[in-house]
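**Q** Sharing a structure below in structure tokens format, with a few things to ask.
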Amino acid sequence: MNKMINRRDFIRKSLKAGLSVAAAGPVLARFSQTSLLAQVKVPVDVAAVSGSDYLKNTIKAVETLGGMKRFVPKGSRVALLPNVQSRNPGTFTKPEVLRAVVRMCREAGAKEVNILSWQPLKSWEDCGLSRPAAEEGAALKLFDLKEENFKKVPVPDGKNLREVMILNELDRNDVLINLPITKDHAGNKFTGTMKNMMGLNSRPSNRTFHKENWTTDTNAIEFLDQCIVDLNMVLKPTLNIVDATEFIISNGPMGPGDLHKPQKVVAGVDRVAVDAYCCTLWGLKAENIFMIKQADGQGLGRMSLAALKVQEIKI
Amino acid sequence: MPALHPADKSAAGPQAEMKSLLPGTDQAPGWSADDGPQEYSGEDLYAYIDGGAEIYQEYGFLRVIVQDYKNQSGQSITAEIFAMKDPEAAYGMYSFKKSASGQVLEWGQESEAQLSDYYLNLWKGRYLATLTGFNEDQTTRQGLVDLGRIIAGKISEKAAKPSLLALLPDPGVKKSGIKYYKGNLGLFNTYAFDPASVFGVQEGVKGDDEKGGMLFVLKYSPSGKSRSQFEDAWKTFAKNVKYGQFRALSNDLFSMKDGLGRTVTVSLFKAYLFIAVGMESPAAESSFRLVKTKIRQW
């Protein structure tokens, strides 16, 4: 049984839309078929908007891609995946970014906007995300880690993984918008759109991404990154909006660490392109990040910024 | 019966020991414990910090206690006290977490602390403490220092820093840039050699010179392992397209250029490998000579 958390009035209001009947079709099919991705034509590959108003940056980034209506059909159910892994500064998706996205989805005519997570309510409150979510009319749907809340999903083209365990609730939604924060990660140097997908995978499954004998295994870092790529073969967000406003560039993913403040919100459909752009914000190169290089090589997206349309706007 | 020193309460078990290191309410003026502490040990660290746990495990993590503190203005500070397997592990993890630009606080010879914009790290004995505020105002920063001092005072264990640090040239090395490694992941987070495991790190140190160059000293046991690691690295880099201008300078010395055009020089000496990044070969070899002199004097 899924557990709906609604302790306070302002959260209870956000749940009044209620549950809808699950759509027909195989689990996650709408998030794994490239046809969906191919349908969303965008004028630029990466939109990066900088400025001191992070809500405006977010709106402008999506506008640059053609506006939220391009991604959210009227009457659709939208799943959002922000990052609330830690409450330390520069480690979680900013409330302003989340607020802007929920607002835009509502204005585009979404029937439901659902924030999916297996992190506890305290994490959402500590990060200041539960209030803006409720105020803008999103439902915060939290699930405990019981196996019944997750569904086995095969990874037919996985190089490391044969299957993953994805939140059942995802399948009730028509659109998936990925809302990571980009930041350092002590395990593999970088986290962005692709790594954020682990937020939909069960914790026990995520744990298998780390080799048991990793301290002596020479391939442990590449193993982790390949698992992330495998996961992304079966989970393809409709849109990625990355908080690159203020983030840690050391001691990731939990911090505390040195804060870097480019004040950017970066958006795009191609996750590999978005990650390739984001890593440059603190001097990394996409070709040196195994996850990005592998994803490019396996056809998940394109990492060569020289071959992509990148539009940078300053507000 | 004399009262037990807080850190002597280990006889009562590791959990009692960890709790005894936490500041009590109002020990730091204005700061009170908010709710009870949480504790994690061994593999449970993954439940607390997910993929961030691996680096702690590489150094040798035992347990952590986490306690939030609040003041009357509603500001909060989170205190994490990590017990590592030995003082070298704790120092290593402290050096990993240090900011490149923080302020070093002189709290005694067998302790070190660094205050950054909104957080403080402290090393003493086999403990590392990290205190995190959620803003950069003066009240919070003073709270970090006050709570940190109390924790340092409660840790009775004393230990010297890892002896390998003595091999770094002094003067000539910036203290803020010093790192101590116990594995490949630590080195990878400083400088990502390709592949990350090419040097098979067992123990190592890094210092930065004033011009931004990095000097690494890696120690191997048994001593013959340094030769096999050197030869493996030689073969690997000589054919790795990410590195250019590979030059064999002698049987025990080679250099190359990395993707940013920086010179990387690698030297073998007894049980050690020396690696310089971002120094031209004459400067690198000069640094290596200084380290060799120190090794001979040991």
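The values are calculated or read from the model by the stated rules, or taken from the named source; none is laboratory data. All values reported here derive from a predicted model rather than from experimental measurement. Cβ atoms come from the backbone with ideal geometry, glycine included; neighbour counts cover every protein chain shown. Heavy atoms of the whole protein, side chains included, go into the accessibility calculation; ligands, DNA and RNA do not. Shrake-Rupley method; radii C 1.70, N 1.55, O 1.52, S 1.80 Å.
**Q** Rounded to the nearest whole Å², what accessible area per residue is found for segment B:231-298 with the 1.4 Å probe?
**A** 52 Å²
**Q** Another question, if that's okay. Tell me, Kirkwood radius of segment A:60-120 from alpha-carbon pair distances, in Å? If you can, show how the numbers build up before the last one.
**A** Values: mean 1/r = 0.0798 Å⁻¹.
Evaluated on segment A:60-120, it is 12.5 Å.
**Q** Cross-link list A:K309/B:K257; A:K41/A:K293; A:K152/A:K195; A:K236/B:K97; B:K124/B:K206; B:K175/B:K270: which exceed 29 angstrom alpha carbon to alpha carbon?
**A** A:K309/B:K257; A:K236/B:K97
**Q** I'm a student and want to see the number: the projected area of the Cα convex hull of segment B:1-132, averaged over all directions, in nm². Display every interim value, and only then the final one.
**A** Details: hull surface 37.1 nm².
Spelled out: convex hull of the Cα atoms, projected over all directions, averaged, 9.3 nm².
**Q** Hey, another quick one. If you take the square roots of the eigenvalues of the alpha-carbon gyration tensor of segment A:43-188 and sort them as a ≥ b ≥ c, do you get rounded (a/c under 1.5), prolate (a/b over b/c) or oblate?
**A** It comes out rounded by the Cα gyration axes.
**Q** Continuing with this model, one more query. Within segment B:7-159, what whole-number % of the accessible surface is contributed by carbon and sulfur, with the 1.4 Å probe and all protein chains included in the calculation?
**A** So the carbon and sulfur contribution to the accessible surface is 42 percent.
**Q** Quote the total accessible area buried by chains A and B together, excluding ligands, DNA and RNA, probe 1.4 Å, nearest 100 Å².
**A** Summing both chains' loss of accessible area gives about 2800 Å².
**Q** I would also like to ask the following. Listed here are the pairs A:K94/A:K189; B:K242/B:K294; A:K94/A:K159; A:K211/B:K174; A:K261/B:K98; which of them are more than 27 Å apart at the Cα? Each step should come with its number before you reach the end.
**A** Working: A:K94/A:K189 21 Å; B:K242/B:K294 33 Å; A:K94/A:K159 34 Å; A:K211/B:K174 35 Å; A:K261/B:K98 19 Å.
Long pairs (Cα-Cα over 27 Å): B:K242/B:K294; A:K94/A:K159; A:K211/B:K174.
**Q** Given 37 °C and 0.692 mPa s, compute D for segment A:154-205 with the Stokes-Einstein relation, Rh being the Kirkwood radius over Cα pairs; round to the nearest whole µm²/s. Intermediate results must be reported in sequence, preceding the final value.
**A** On the way: Rh = 12.8 Å.
Value of D from the Cα-based Kirkwood radius: 257 µm²/s.
**Q** With the cut-off at 37 Å, report for chain B the share of all Cα pairs above it, as a whole percent.
**A** Here the long-distance tail beyond 37 Å is 23 percent of all Cα pairs in chain B.
**Q** Between Rg and the Kirkwood Rh of the protein assembly as shown, both from Cα atoms, what is the Rg to Rh ratio?
**A** Taking Rg over the Kirkwood Rh, I get 0.98.
**Q** Tell me the volume per residue, in Å³, of the convex hull enclosing the alpha carbons of segment B:163-237.
**A** It comes to 93 Å³ per residue, whole-number rounded.
**Q** Of all the Cα-Cα pairs you can form in segment A:169-308, what percent are over 18 Å apart?
**A** When all Cα pairs of segment A:169-308 are counted, 54 percent exceed 18 Å.
**Q** Hey, can you grab everything whose amide H is under 5 Å from the amide H of A:K264? Only 5+ residues off in sequence or another chain; H modelled, so Pro and N-termini drop out.
**A** Hits under the 5 Å cutoff: A:A244, A:T245.
**Q** Chain A: percent of C-alpha pairs farther apart than 27 Å?
**A** Of all Cα-Cα pairs in chain A, 37 percent lie more than 27 Å apart.
**Q** Next question. What is the percent carbon and sulfur in the accessible area of chain A, measuring with a 1.4 Å probe over the protein chains and ignoring ligands?
**A** On the way: 6050 of 11950 Å².
Taking all protein chains in place, chain A shows 51 percent carbon and sulfur surface.
**Q** Follow-up. Report, in debye and to the nearest 20, how large the dipole of the protein assembly as shown comes out about its Cα centre when Lys and Arg carry +1 and Asp and Glu carry -1 on their Cβ. Walk me through the intermediate numbers first.
**A** Working: 78 positive and 68 negative charges, 208 e Å.
So the dipole magnitude of the protein assembly as shown works out to roughly 1000 debye.
**Q** When the helix-only estimate is applied to the protein assembly as shown (DSSP H runs of n ≥ 4, each -39,500 (n - 2.57), divided by the residue count), what is the mean residue ellipticity at 222 nm, nearest 500 deg cm²/dmol?
**A** Calculated mean residue ellipticity at 222 nm is -8000 deg cm²/dmol.
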